[in-house]
Every structure is written in C-alpha cells, then in structure tokens.
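Please treat every number below as a calculation from the coordinates, not as lab data. Here the structure is a predicted model, which means the values were calculated and not measured. Please note: Cβ atoms are built from the backbone with ideal geometry, for glycine as well, and neighbour counts cover all protein chains shown.
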Amino acid sequence: MDTETFKNYLLHEKRYSIHTARSYLSDLEQFIDFANNEHKNFDPLAGDHKIIRKWIVFLLENGNKPRSVHRKISTLKTFYKFHQISGHIENNPTDKVILPKTEKNLPYFVTKERMNLLFDQLHFPDTFEGYRDYTILLTFYCTGMRLSELMGIKMADIDFYYGQIKVLGKRNKERLIPMNKELTVAITKYIEKRNNINTSHNYLFITSKTEPVNISLIYRMVNKYLGTVTTLDKKSPHVLRHTFATQMLNNGADINAIKELLGHSNLSATQIYTHTSIEKLNKIYKQAHPRS
C-alpha cells in the first residue's frame with residue numbers, strides 16, 4: 001500500500017510534525033499487519049468495523065492501555081477520513097467502533113514551594129551548561145511551552161523590547177508568550193555565555209559542542225534537577241508545562257488566557273487543569289469546614 005500520499009496529507013494538510021506523522025504511520029502498519037494475519041492479502045480500504053473491533057480486543061489483551069488504543073484508532077479515523085475526502089471510499093468504518101473507556105488522570109505538577117526551592121536555593125554551576133540548564137528550566141516554568149517549541153526557539157525569536165518569545169506550536173501555528181523580568185534576566189545572562197561559543201546555529205539553546213540541544217539532553221537535565229526537589233514519578237518537561245498551567249489557574253488566571261498561553265486549539269484540552277484546582281479546593285474544604 002502506498003503510504004507516502006497519506007504521509008504528505010499528515011504533514012502538509014493536517015500540518016502535523018514529522019514525529020506525529022511517523023507515529024501515525026507506525027500505528028497504521030501495526031493495524032495492517034494484524035489484519036493480514038486475519039485475512040490474507042488484506043486491503044485496508046476494504047476494511048470494516050469488525051476487523052477494527054478485533055484489533056481493539058487484540059490490543060487490550062496484549063497489555064495496551066485504553067488511552068493507547070484511543071490514539072491508534074485516532075490514526076485509523078484520520079486514515080479513512082483522508083480516503084473519504086479522496087473519493088476512494090464512501091464510509092468511514094471507524095464511525096461504528098465503540099472505544100474502551102479511559103481513566104482521566106490528573107496532570108502531575110510540582111508545588112510552588114518546591115519550584116521556589118529549585119530556583120532560589122539549588123546551586124547551578126557557574127558554567128555555560130549551568131546557565132543554559134537554569135534558563136531552560138525557567139523558560140519551561142515561566143512560559144508553559146512544549147519541549148518541541150523550546151527546542152525550536154531561534155535567537156531572533158526573543159524580543160527583549162516587548163518582553164516576549166515567539167514559538168512555533170502544533171500544526172505550525174505561531175504564538176507570542178510573555179517573558180517576566182526574571183526570565184528576561186536569565187536569558188540575557190545565558191546569551192552572554194552563548195556568545196563566547198563559536199557556532200553557526202541560530203537556535204537559542206545549544207550544547208558546548210555548538211550543536212542545538214536534543215530531546216535526550218533536555219529530558220536528562222530536567223529529570224536530574226526536578227529529582228532534587230520532588231519525589232514525583234514523572235519528572236519531565238511536560239510536568240513543568242502542567243506546573244505552569246496549574247499554578248496560573250490556582251493564582252486566579254482566566255482559563256481562556258491559559259488556553260492561549262499554552263497554545264491549545266480548544267478549551268477542553270485546558271480544562272483538565274480545573275480538576276487539579278478542584279482537588280486542592282476539596283482538600284482545603286475538608287480540612288477547614290467543621291462539619292467535614
């Protein structure tokens with residue numbers, strides 16, 4: 001089956017990242033491999049809801065969590081929708097599929113006290129790497145941006161005059177995020193150190209070997225420093241994004257403003273943080289109300 005056309009649709013029409021497109025193609029290949037074991041010479045365009053239901057059962061029986069199954073079926077929805085638009089099929093077989101229920105997990109976040117401990121009391125080395133790591137952590141915490149967005153920041157994207165950073169979000173949507181004074185100072189000091197490194201790259205965050213920072217480096221660094229102030233199971237850049245949103249909401253920020261800062265396309269994605277706030281309110285209520 002020709003997947004190149006579908007890949008181009010994901011990249012250019014849906015404007016998904018190359019990583020997302022690869023994940024979709026991987027899910028599609030897994031489905032086709034399963035279907036081929038059920039029916040020789042299986043034609044994906046002739047697939048119906050019955051074979052998709054069998055795949056769901058297979059995935060669940062082999063340890064896939066409902067959330068993972070939802071993602072894989074989302075791939076099939078997109079695949080069949082593409083072929084509907086192209087006129088290759090009339091109906092989308094995923095429309096008749098009922099998905100397993102998923103648990104709504106509250107987002108992991110670090111408390112304000114622990115984050116203050118990280119930035120105010122923890123020692124960062126007086127080296128290029130020390131300044132860079134401190135600035136990356138503070139950028140995540142002060143802006144709530146995604147890992148891919150941080151890695152994509154160019155030197156020209158920092159606007160010191162207006163105090164804002166331009167980032168390229170999902171589906172190549174640009175947005176501006178404000179910088180507070182503390183982050184502005186940190187980025188300024190980091191750039192002074194960066195200017196001593198002879199690099200041809202215009203990415204803001206680089207290694208001492210003059211290359212742009214990579215995902216593994218950032219994950220290791222974030223895990224290392226968060227591990228000094230929290231015992232959370234998850235210690236990742238996304239936890240800092242959750243921390244930003246949760247603390248903004250707890251401090252009275254309007255949820256629509258948080259939605260814009262995070263770059264969410266719809267409010268439902270942002271509303272998960274209201275559950276975290278409700279959990280906090282419930283705890284306070286139970287501790288404070290005499291009849292609780």
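How long is the stretch 135-281 along each principal axis, judged by its Cα atoms, biggest number first, in Å?
Dimensions of the stretch 135-281 along the principal axes of its Cα atoms: 51, 34, 29 Å.
Is the C-alpha gyration tensor of the stretch 4-96 telling us rounded, prolate or oblate? Criteria: a/c under 1.5 is rounded; beyond that, a/b larger than b/c is prolate, otherwise oblate.
Judged from the Cα gyration tensor, the stretch 4-96 comes out oblate (a/c at least 1.5, b/c at or above a/b).
For the chain, what does -39500 (n - 2.57) per DSSP helix run (n ≥ 4), summed and divided by total residues, give at 222 nm, in deg cm²/dmol to the nearest 500?
After summing the helix terms and dividing by the residues of the chain, the value is -17000 deg cm²/dmol.
Please report the spacing between the Cα centers of the stretch 1-77 and the stretch 161-237 in Å, no decimals.
34 Å
Consider a paramagnetic label point 7 Å from the Cα of residue 99 along Cα→Cβ; state which residues of the stretch 28-45 have an amide N under 19 Å from it.
In the stretch 28-45, the label zone of residue 99 (backbone N under 19 Å from the point 7 Å along Cα→Cβ) covers 28-32.
Peptides 110-117, 73-80: what's the order by average Cβ count within 10 Å, highest mean first?
73-80, 110-117
Show me, bin by bin at 10 Å from 0, the whole-percent P(r) of the chain based on Cα pairs.
5, 22, 27, 22, 16, 7, 1
Quick one: helix 18-38 against the long Cα principal axis of the chain, what's the angle to the nearest 10°, folded into 0 to 90?
That helix lies at roughly 30 degrees to the long axis.
Hey, what angle do you get for helix 66-85 against the long axis of the chain, alpha-carbon based, 0 to 90 degrees rounded to 10?
That works out to roughly 60 degrees.
If you take the beta carbon distance between residue 160 and residue 67 as r and set R0 to 35 Å, what does 1/(1 + (r/R0)^6) give as a FRET efficiency, to the nearest 0.05?
Taking R0 as 35 Å, the efficiency between residue 160 and residue 67 is 0.30.
FRET efficiency for residue 209 and residue 122, Cβ-Cβ distance as r, R0 = 22 Å, nearest 0.05?
0.30
How far is it, in nm, from the label point at residue 74 to the one at residue 86 when both lie 7 Å from their Cα along the line to the Cβ?
According to this spin-label approximation, the distance is 2.2 nm.
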